[in-house]
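Novice: Quick one: structure below, then a few questions.
The values are calculated or read from the model by the stated rules, or taken from the named source; none is laboratory data. Nothing here was measured: the structure is a model prediction, and the numbers come from that model. Please note: Cβ atoms are built from the backbone with ideal geometry, for glycine as well, and neighbour counts cover all protein chains shown.
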Amino acid sequence: MVRVKHRYLLVEILYPDPSSSPSLSTTTSLKNHGQRSQLRIHAPTSDALTPSLLAKLVRDEVAQMYGDWGIGRLGGVGAGGVSVKYLSPATSTAIIRCPRASYRLVWTALTYISRVPDLADGSAGRSKRLDLANLSRPCVFRVVRVSGTIKKAEEEAVRRARREIVRLRGQEEIGVLGGLVGGLEKNIERGRERVEADDMDIDVDVDSDDD
């Protein structure tokens, strides 16, 4: 008996915003801007994006790009060749299973998917049909790992999530320390200015007494 082999694609859904640019000048402001940009790119996904809808998006994109040949490579329309085994709207992460011989077709299709349901449609997304006209939020699908087992894909997803948490915490700590050091430097500078002003007043008083 021949065992059907699959590939598991670990996918991140990113939300870049090229319209915004860092217009702040101070170091602390730039660090805060970088932290906000990181959070915006890895923003949560709407609950309207269900595993069945994501699988349908992939199959439709493969059909549009490769026609019946591509659908046949995936195992047919109703064969379930492409299935989403894991989807987390909170972390915008998904694990997609597909036939090993055609995982590059799925990878290509994910590259050309540019929109998902908006967060505003999340409350009503579950009761709606799989309507592609509701896709209004620009996004980018990035494949970060291709594995032969779902366990390796899950381990990579956990590792990347931990790394992002550590990175954001490090930026937050640097921002707090930078604010404290900056405040101390400002206080020291103000103290020096006050001492210099007091010295100037004393000199003026002495000169007036000598006259």
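Novice: Tell me, yes or no, whether segment 81-88 has at least one residue that is under 14 Å from His6 (Cβ atoms), modelled with pLDDT under 85 and surrounded by 14 or more Cβ atoms within 10 Å (Cβ to Cβ).
Specialist: yes
Novice: Restricting attention to segment 104-117, and to residues there that are buried (at least 22 other Cβ atoms within 10 Å of the Cβ) and either of a type in the set (Gly, Ala, Ser) or out of contact with any helix residue (DSSP H, G or I) (no Cβ under 7 Å at 6 or more places or on another chain) (or both), which single residue is farthest from Arg59 (Cα to Cα)? Steps first, please.
Specialist: Taking segment 104-117 and keeping what is buried (at least 22 other Cβ atoms within 10 Å of the Cβ), we get 105-106, 109-110, 116-117.
Those left that are additionally either of a type in the set (Gly, Ala, Ser) or out of contact with any helix residue (DSSP H, G or I) (no Cβ under 7 Å at 6 or more places or on another chain) (or both): 109, 116.
Working: Ala109: 8, Val116: 15 Å.
It comes out as Val116.
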